[in-house]
Amino acid sequence: MKRFFGVFALAVFVGAAAASSALATHSWGSYHWARTSNPFTIKVGDNLTTADWKSRLSQASSDWNGSTVAQNTIVAGMAKGRCRPTSGRDEVCNSSYGANGWLGLATIWIAGGVHITQGTVKLNDTYFSLSTYNNPNEKQHVVCQEVGHTWGLDHQDTSGALYYTCMDYFSNTGGNATNSASTSPNQGDYDQLLCIYDPASNGATLRSTTNGISHTCTGTGHLDSSTTIGAASSAGAAAAEVPPWANPSESVYVDHLPNGETQVTYVLWANPIHGWGG
């Protein structure tokens, strides 16, 4: 089994950082939710089928609300089928999506080349039903990370080292199953959201250090003349799926949708040397 940790859309990877310092930035491009004021609030649809997953989403929602700019609120889910998106919001789903190599999948749709219009998070019970992955910290790590991707965040690090954030690639399995250090955002994640969304941080360099790991980002934030938050779309979009022919040698999948939006899913496959599969 190859373990996939974080399928997400529109990512541009810079590569793994040294263990002493996170990436200088962990957003991608200029993709963001359009809004006319800050703080803004994204509705997160709860389509989850178990009390445990609902608890994990509630904790992730609370943790991400530590941001002073990007807020979220959990509402009743509107997804249909295998997690069809809803314009203007996120939908979070769990199901037995199959032994396809991924634990969590996050996808965003963009319009005009820059603006996120909707997002989905899918949690794969095919793997989470196995003892290897069915532990509180691994599940919390995954749901926190996938939700973070839909705000416009990349990973802080992809080496497998512990960066004390759910946006790292640390594996909460085996001997690390009881380690909860990578199950929530850290100050570097909150700073990155300011760098993406806060006009007051535009041009400024924000720096933070968490457990000896440093993070920096330079602000590009601005307000928009219109909003994609809660906005209705004139046409629907297909549910996010990794193509059935996907394999570790191909990692970018682009769909041009009938409504003019583009769905780009970036697949980061696990490296077996990290102990994630074989």
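Remarks
- Single condition Val142 does not satisfy, out of (1) at pLDDT 95 or above; (2) out of contact with any Asp or Glu (no Cβ under 8 Å at 6 or more places or on another chain): (1)
- Residue satisfying all of: in region 112-128; among the hydrophobic types (A, V, I, L, M, F, W, C) and farther than 22 Å from Trp28 by Cα; surrounded by the most Cβ atoms within 10 Å (Cβ to Cβ) among these: Leu123
- Residue match in region 210-232 (condition: at pLDDT below 90 and either closer than 27 Å to Gly112 by Cβ or assigned to a strand (DSSP E or B) (or both)): yes
- Qualifying residues in region 136-161 (those that are of a type outside the set (A, V, I, L, M, F, W, C) and open to solvent by 20 Å² or more (accessible area, probe 1.4 Å)) - the one nearest to Leu223 (Cα to Cα): Thr158
- Count - residues of region 200-209 that are touching a strand residue (DSSP E or B) at 6+ places or on another chain (Cβ under 6 Å), in a strand (DSSP E or B) and among the hydroxyl-bearing types (Ser, Thr, Tyr): 2
- All of (1) in a helix (DSSP H, G or I); (2) in contact with a Ser or Thr (Cβ under 6 Å, 6 or more places away or on another chain); (3) surrounded by fewer than 24 Cβ atoms within 10 Å (Cβ to Cβ) hold for Tyr164 with one exception: (1).
- Exactly one residue out of Ser61, Ser131 is open to solvent by 30 Å² or more (accessible area, probe 1.4 Å) and farther than 17 Å from Thr228 by Cβ, and it is Ser131.
- Screening region 102-128 for residues that are modelled with pLDDT under 90, in contact with a helix residue (DSSP H, G or I) (Cβ under 9 Å, 6 or more places away or on another chain) and not polar (S, T, N, Q) and picking the one that is nearest to Ala231 (Cα to Cα) gives Ile108.
- Tally, over region 98-142, of residues that are more than 26 Å from Gln156 (Cβ to Cβ) and touching a residue at least 24 places away in the same chain (Cβ under 8 Å): 6
- Pairs with Cβ under 7 Å, 6+ apart, first in region 164-186 and on the phi > 0 side of the Ramachandran plot, second in a loop (DSSP other than H, G, I, E, B) and buried (at least 20 other Cβ atoms within 10 Å of the Cβ): Tyr164/Ser182; Tyr164/Asn186
The values are calculated or read from the model by the stated rules, or taken from the named source; none is laboratory data. Bear in mind the structure is a predicted one, so any value in this text is a computation, not a measurement. Cβ coordinates were reconstructed from backbone atoms using ideal geometry, including for glycine residues, and neighbour counts include every protein chain displayed. Please note that ligands, DNA and RNA were not included when accessible areas were found on the heavy atoms of the full protein model with its side chains. Shrake-Rupley method; radii C 1.70, N 1.55, O 1.52, S 1.80 Å.
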